[in-house]
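Please treat every number below as a calculation from the coordinates, not as lab data. Only a predicted model underlies this, so the values are computations on that prediction, with no experimental measurement involved. Counting neighbours? That spans all protein chains shown, and the Cβs are built from the backbone with ideal geometry, glycine included.
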Amino acid sequence: MADVRRTRAGLRVRLAAEETALLRSLMEQMLALIGEPSPGSQNKDPDDPLASLGISAEAVKPDDPVLARLFPDAYGDPGAEAGRDEAEAAGDFRRYTELGLRDGKRDAAATVLKALPDGGGAIVLDAEAAQVWLRALNDVRLALGTRLEISEEWYDEAVHLDRDDPRTPMFAAYDWLTMLQESLVQALL
């Protein structure tokens, strides 16, 4: 298990080679899931002035449940039951915030990737970097939790999984991420 300790230099996170490989794989998958930044969001597309301001003209709620969890509607479900005003407000919120949220999640995952030592080892995080790590770990946990349909009883289900169940490694990764995140939080206190 990863060892997280507070030191004078910051939070020292010591990862085994397997843990580093897992974290690298998960962060790379997160980056692939979030997708590339839109050209306009980086002020490279003069034909899309809205994107250069962080506004997406075509932002809609994603069909993928993981992306919908990572980028939820601000006003609940603006479905058929919601009034026109609520649906319009949810759409406006998404248009004004989604590009920035995607950039933030992408940056957090990339920050973790850049810090990972080849073959395992120790990383020292200052308070700001630790917060970025916590955000990135939380995003990966949300993604895994959504795919696994994690509920309050997930430990009971995980304990009874057959070793050959294809979900077993994902449950183990979710559990490890939870422990790493908790260790970082405890070290920050």
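By the gyration tensor of its Cα atoms, with a ≥ b ≥ c the square roots of the eigenvalues, what is the shape of region 92-179: rounded for a/c under 1.5, prolate for a/b over b/c, or oblate? Walk me through the numbers before you get to the answer.
Working: a/c = 2.56, a/b = 1.31, b/c = 1.95.
Oblate, because a/c is 1.5 or more while a/b does not exceed b/c.
Of the listed peptides 138-144, 117-123, 87-93, what is their order by residue-averaged count of other C-beta atoms within 10 Å, with the highest listed first?
Working: 138-144: 20.1, 117-123: 13.0, 87-93: 16.0.
Result, highest mean Cβ count within 10 Å first: 138-144, 87-93, 117-123.
Per residue of region 18-26, in order, report the coupling 6.51 cos²θ - 1.76 cosθ + 1.60 (Karplus, θ = phi - 60°) as ³J(HN,Hα) in whole Hz, putting x for Gly and Pro.
Taking θ as phi minus 60°, the curve returns 5, 5, 4, 5, 5, 4, 4, 4, 5 Hz for region 18-26.
Ranked by Cβ crowding within 10 angstrom, fewest neighbours first, how are Ser183, Ser151 ordered? It would help to have the intermediate numbers written out before the result.
On the way: Ser183 17, Ser151 9.
If I rank by nearby Cβ atoms, fewest first, I get Ser151, Ser183.
Would you tally the net charge around Leu113, using a Cβ to Cβ cut-off of less than 9 Å, leaving Leu113 out, and scoring K and R as +1, D and E as -1?
Numbers: positive: Arg24, Lys114; negative: Glu28.
Cβ neighbours under 9 Å give a net charge of +1.
Among residues other than Gly100 whose Cβ falls under 13 Å from its Cβ, what is the net charge (Lys/Arg +1, Asp/Glu -1)? Before the final figure, lay out each step's value.
Working: positive: Arg94, Arg95, Arg102, Lys105, Arg106; negative: Glu98, Asp103, Asp107.
Charge balance in the 13 Å sphere: +2.
Suppose the chain between Asp175 and Arg8 were pulled fully straight at 0.36 nm per residue; how much longer would it get relative to their current alpha carbon spacing? Intermediate values should be presented prior to the final figure.
Numbers: separation 167, 0.36 × 167 = 60.12 nm, distance 2.88 nm.
Separation in residues times 0.36 nm, less the Cα-Cα distance, equals 57.2 nm.
Quick one: which residues, 5+ away or cross-chain, put their amide H under 5 Å from the amide H of Leu125? H built at 1.01 Å from N.
Leu11, Arg12, Val13
At 0.36 nm per residue, and after removing the present C-alpha to C-alpha distance, how many nm does the segment from Ala68 to Ala122 gain when stretched out fully?
Numbers: separation 54, 0.36 × 54 = 19.44 nm, distance 3.43 nm.
Here the answer is 16.0 nm.
Which value in nm describes the separation of the simple spin-label points at Asp107 and Arg163, placed 7 Å from the Cα toward the beta carbon?
My value for the distance between the label points is 4.5 nm.
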